[in-house]
Amino acid sequence: MGKLFIEDTAIGRMGSVITTGTGATTGSFYAVQFITDCTPTAFTLADGTGTYTGVTYKAGTIVYGDITAVTVASGETFIAYKK
């Protein structure tokens, strides 16, 4: 894997995944931006402590961390930014 420079890690530069509705989004992400109000049924942060699932994140909220999985309900939308 090549060395990343600051300009390579700008939001969206490494790609992103937009998800609407149910089904797990998995991978290696550094941020999740909620487009609609979302209450994830699964939200895994490798470096996080506490409970991230069952919390309602308002539209526009961004959560940063070593994110590996997010699942939301039907009609909810978020963007996961790849590492």
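The values are calculated or read from the model by the stated rules, or taken from the named source; none is laboratory data. All figures in this text were calculated on a predicted structure; none of them were measured in a lab. What goes into the accessible areas is simple: the full protein's heavy atoms, side chains included, and nothing from ligands, DNA or RNA. Shrake-Rupley method; radii C 1.70, N 1.55, O 1.52, S 1.80 Å.
The set of residues in the range 12-29 that are under 12 Å from the mean Cα position of the chain (by Cα) and assigned to a strand (DSSP E or B) comprises Ser16, Val17, Ile18, Thr19, Thr25, Thr26, Gly27, Ser28, Phe29.
Matching residues to (1) open to solvent by 30 Å² or more (accessible area, probe 1.4 Å); (2) part of a strand (DSSP E or B); (3) among the polar types (S, T, N, Q); (4) at pLDDT below 95:
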residue	(1), (2), (3), (4)
Ala31	no, yes, no, yes
Pro40	no, no, no, no
Gly50	yes, no, no, yes
Gly54	yes, no, no, yes
Asp66	yes, yes, no, yes
Gly75	yes, no, no, yes
